[in-house]
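Q: Pasting a structure below so you can have a look.
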Amino acid sequence: MTGSIQTKKGRKNYYAVLNTQDDSGKRKQKWIDTGVPVKGNNKRKADAKLKELIAEYGANGVDICKNDYFVDFMTQWLETRRDTKAIALTTYDGYKLVFNSHIKPYFEPLRLRLKDLTPAHLEKYVNAKMRGSVSKKGLSPNSVIKHLHNISKCLDAAVRQNIIAFNPAKRFDWPQKVKYMGARHLSPQQIERLLSAIKGDIIEPIILFAIFYGMRRSEILGMKFDAIDSLIMYPSGLPSF
């Protein structure tokens, strides 16, 4: 693998251009932002970064000709995790919800290929999610960290498959986790009003479990009927959902 240092009009950093060939012998190039500023006579630093990248990509046998989109690859990764039963179905459902609600809507319009994903892209994603929008409040650092854990596991798989040389999710500072300070419980009067409001509603059993057993939402939704003594809870038979 060979390479060179180049500049781009309107860009402040040097770019490393890696050269390789696909299976048909056609020449391919990959442009990588070195993070080294053009200003300040930093050509030597850029050259050193180029050598580092050539060694890194060459040693890992990375196929820089692959053109998978990041969103498509993560979709496939999630389905593989489910199909191979590498994770529980409830865990998969949680991953899929985060992906469909946040990760996919953000990255799909960018048409970003997996090999072009950088730490800077992920930092922008974190900032966008925590900042929110005019109509929507931003997410907490703890929620965004969960997103990054999922993304990072996906990118680890891409490294193992020699699609990328390194995991960009591990090359920037994640948000600081906020220490859990404890939940504020409802007063007896508030509980009475809540029970009255949900009477006969389809979510009544879920709320009852939360109130009387202090169970988390994920714990309640992950339960199966065979883990419940149905005769005690429902003497007349199981409810119809």
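Q: Hey, quick one: spin label on Lys12, modelled 7 Å out along Cα-Cβ, who in segment 160-175 has an amide N within reach, i.e. under 19 Å?
A: 172-173
Q: With 18 Å as the cut-off, how large is the P(r) tail for segment 125-170, expressed as percent of Cα-Cα pairs?
A: Distances greater than 18 Å cover 41 percent of the Cα pairs.
Q: Work out the charge dipole of segment 28-155 with +1 on the Cβ of Lys and Arg and -1 on the Cβ of Asp and Glu about the Cα centre, then indicate which of Ala88, Ser135, Ile103 is farthest towards its positive end.
A: So the residue we want is Ser135.
Q: Another question, then. How big is segment 70-170 in terms of Cα radius of gyration and Dmax, in angstroms?
A: In order Rg, Dmax, the Cα atoms of segment 70-170 give 13.4, 41 Å.
Q: Something else about it: How many angstrom lie between the Cα centre of segment 64-138 and the Cα centre of segment 157-197?
A: About 16 Å separates the Cα centre of segment 64-138 from the one of segment 157-197.
Q: Oh, and also: Among Ser101, Ser140, Ser133, rank each residue by its count of other Cβ atoms within 10 Å, from fewest to most, as a rough exposure measure.
A: Ser133, Ser101, Ser140
Each value in this text was obtained by applying a stated rule to the coordinates, not by laboratory testing. Model, not experiment: these values are computed from the prediction. Don't worry about glycine lacking a Cβ; one is built from the backbone with ideal geometry, like all the others, and counts go over all protein chains shown.
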